[in-house]
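Take a look at the structure set out below.
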Amino acid sequence: MQEPRNLLPYWLSTPAALAMLAFVALPLVLTLSLSLYPFVPSTGVGEGLTAANYADIAKDEYFHTIFARTFGMALLVTALCVLIGVPEAYVLSRLSSRWRAVSMVVVLGPLLISVVVRTLGWAVLLGNEGVINKSLMALGLITEPIKMMFTFTGVVVALVHVLVPFMVLAVWASLQKVDPATEDAAESLGAGLPTVLTRIVFPQVIPGVLSGGLIVFALAASAFATPAIIGGRRLKVVPTTIYDEFLGNLNWPLGAALAVVLVIVVLAVSLGMNRFVERRWKQVFQ
Amino acid sequence: MAFLELHGLVKRYGDFTAVADCELSVSQGEFVCLLGPSGCGKTTTLQMVAGFTPPSAGRILLDGKDITDVKPNQRGLGIVFQSYALFPHMTVADNVAFGLEMRGVAAAERSKRVADTLELVHLTPLAGRYPRELSGGQRQRVAMARALVIQPPVLLLDEPMGALDAKLREEMQIELRALQHRVGITTIMVTHDQAEAMTLADRVVLMNKGRIEQIGRPFEMYEQPNGRFSSTFLGKANLFEGRHEGGAVLVGSAQLPCPAGAPLGLVDYIVRPEKVNFASTDALLRGRVAARVFLGNYWLFQVDTPLGTLQVTQANVGMPAVAEGDEVGLAWAGEHARAVARGA
């Protein structure tokens, strides 16, 4: 005799599944199909199926540079977020509960502000006539303004600022599972603080570093507003290029093809990273 | 010759005194248990010896040297934590090797000492496993090996059996005792389990509310508790408030015998359940058996008497003659009872 299957969980998850299908899966499929149409300058989207858009991306040096810049930037931002976010999360976990609450608000602050406002804030700081250059010149430390707007460095700084909270939250969650006695144990065996942090604490929060890293990497690679405002037209990344293809050149199929390649590369890098880290440190992932 | 000495050790948290004026000296090779209910200050005392908690006052001397202000990573003591605190990302062998690595022991020497120590705790076949692949008892032995491999002058154990089930706990207690004798290391263990303390310790330090109540060998302490707390925390006890008027203790209307040399005046009168016998003649007290419970190796009787309910135990040597509801007489010898001045 078979137990009657309980169907309630399936019914309960149906609305969410439908919403996912309508708002995530469908647009992706449409984008994919759009990327396979030819581009006709007079009418826009042409007739028939073609791989010409992908061939363009594969052949053109221009796109290679943009992809290399985008993923180089995303990797650098991820690395910086690890360097800043992990110690920050550790310090947070050591604070008394009152200071922790205050510090959490400070850490999450960047996420509470609209992306445009925040980015324009960075523009005010980084510009040639901006706060940083003006003060450095007033102090006599420099005579010429340092170029920070429309540079790679500027974009990286602004992205790290907004993405660090994701790393802090992920590592923080991992730190909650670490037995604080392991630090005492290491200390009793003769380890100093630097050794405790690098050999005992950090390896145990690898799962948090990984999930934080994946979020930061995906968000950095697909960020639009920050590279658009701080990087401008001279420092194009894939998302701003897609925008220009769609709305500037009206070449929708090429824009769609760029979007598809971006999604695939982000997915591939994330899955690869996930796989590698889970294998390398498999003992800390239960 | 005292090897580890605690002099006037105090720990205060604001207005709360966790440990008050702790005075203790431990000889080399001795096994001392800090025993008491939770919140009695035993763990705080251990934490101060380990160096994780700075004392508010007092000194800690190890082999004549003052280590009160020495950092935990310089004290070189072996510590087994309640949670074992094994490093989950390292194998058993790496866990054990960590302390040697921190001491800069060369690789060849290190692997030899790790192998020897794993041998000592019977874990050689598991050297390549990770902590989560081990049972509770095995984890505890890894924690022991990790603490012992650095050849510490003193081994500190914080409720090492707390996470084990009852049967395994008994096995590990006997194993721990044998190991401690073999290695001959000075050991301080914290526990709230009086049976564990009696099994393992050369001397028991009984603590309550931040103070040391009594220090003594397990048998002494069980037989001669110095007060109400000692008698009831360590084993079971029947306790009455009475007046010693020379010759006998007057409790209510009953005259109870007491050993020679008991203090006069108001006393707590203590008699252990296993010292009480059923007597048809010469009964000190008469009562009615309210409950009879079989506990495996012995029977426990609750007897309602004019002085209150008494506990009586008898070894299990067959079905007892006394049943629930029976009227019985109770008797015991004066030298098996104890009278201590009230308020002690």
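Taking 28 Å as the straight-line reach from the Cα of B:K167, the lysines in range (excluding those fewer than 8 positions away in the same chain) are B:K42, B:K236, B:K275. Dipole size of the stretch B:237-341 about its Cα centre, with +1 on Lys/Arg Cβ and -1 on Asp/Glu Cβ: approximately 100 debye, rounded to the nearest 20.
Placing unit charges on each Cβ (+1 for Lys and Arg, -1 for Asp and Glu) gives the stretch A:50-173 a dipole about its Cα centre, and among A:A89, A:V115, A:T78 the Cα reaching farthest toward its positive end belongs to A:A89. The charge dipole of the protein assembly as shown, taken about the Cα centre with unit charges on the Cβ atoms of Lys, Arg (+1) and Asp, Glu (-1), comes to about 1060 debye, rounded to the nearest 20. Taking the centroid of alpha carbons for each part, the stretch A:169-227 and the stretch B:175-235 are 42 Å apart. Semi-axis lengths, largest first, of the ellipsoid equivalent to the stretch A:55-150 are 32, 25, 14 Å, with √(5λ) applied to each eigenvalue of the Cα gyration tensor. Net charge dipole, the stretch B:2-223: roughly 520 debye, given to the nearest 20, about the Cα centre with Cβ charges of +1 for Lys and Arg and -1 for Asp and Glu. Ordering B:L266, B:A283, B:Q224 by the projection of their Cα atoms onto the charge dipole of the stretch B:185-344, which places +1 on the Cβ of Lys and Arg and -1 on the Cβ of Asp and Glu, puts B:L266 at the extreme positive end. For chain A, relative contact order (Cα pairs under 8 Å, six or more residues apart, normalised by length) works out to 27 percent. This ranking places A:E278, B:E335 by how few other beta-carbon atoms lie within 10 Å of each, fewest first, which gives B:E335, A:E278. Computed 3J(HN,Hα) for the stretch B:51-66, one whole-Hz value per residue from the Karplus formula 6.51 cos²θ - 1.76 cosθ + 1.60 where θ = phi - 60°, is x, 7, 10, x, x, 6, 7, x, 10, 10, 10, 10, 6, x, 9, 6, glycine and proline marked x. Here's the picture: charge each Lys and Arg Cβ at +1 and each Asp and Glu Cβ at -1 in the stretch B:237-341, and of B:Q302, B:A315, B:G252 the one pushed furthest to the positive end of that dipole is B:A315.
With contacts taken as Cα pairs under 8 Å at a separation of at least 6 residues, the stretch B:237-341 carries a relative contact order of 35 percent.
Neighbours of B:I188 by Cβ distance under 15 Å: Lys/Arg scored +1, Asp/Glu scored -1, total -4. For chain B, the relative contact order works out to 16 percent when only alpha carbon pairs closer than 8 Å and six or more residues apart are counted. Amide H contacts under 5 Å for B:E213: B:L206, B:M207, B:N208, restricted to partners 5 or more places along the chain or on a different chain, H placed in the peptide plane at 1.01 Å from N.
Counted by neighbouring Cβ atoms within 10 Å, the residues A:I84, A:I200 run from fewest to most as A:I84, A:I200. Counting Lys and Arg as +1 and Asp and Glu as -1 over every other residue whose Cβ lies under 14 Å from the Cβ of A:R100, the net charge comes to +1. Near B:F31, the amide H atoms lying under 5 Å from its own belong to B:T187, B:D202, B:R203; only residues 5 or more places off or on other chains count, and H is placed 1.01 Å from N. Ordered by the number of other Cβ atoms lying within 10 Å of each residue's own Cβ, fewest first, A:R199, B:R139 fall into the sequence A:R199, B:R139.
Per residue, the convex hull spanned by the Cα atoms of the protein assembly as shown measures out at 292 cubic angstrom.
Relative to one another, the C-alpha centroids of the stretch A:4-72 and the stretch B:130-151 are positioned 53 Å apart. Couplings 3J(HN,Hα) of the stretch A:131-136, computed from phi: 4, 5, 4, 4, 5, 4 Hz, in residue order, whole Hz [Karplus 6.51 cos²θ - 1.76 cosθ + 1.60, θ = phi - 60°; x for Gly and Pro].
Between the stretch B:253-278 and the stretch B:291-344, the alpha-carbon centres lie 14 Å apart.
Note on A:K147: lysines with a C-alpha under 25 Å away, same-chain residues under 8 apart excluded, are A:K134, A:K236. Across the stretch B:297-313, computed HN-Hα scalar couplings (Karplus, 6.51 cos²θ - 1.76 cosθ + 1.60, θ = phi - 60°) run 7, 8, 9, 10, 10, 9, 10, 7, 10, x, 8, x, 7, 10, 9, 10, 10 Hz from first to last residue, x flagging Gly and Pro.
Computed from the coordinates by the stated procedures, all read-outs in this text should not be read as laboratory data. Keep in mind it's a predicted model, so treat the numbers as computed, not measured. All Cβ positions, glycine included, derive from the backbone under ideal geometry; neighbour counts span all protein chains shown.
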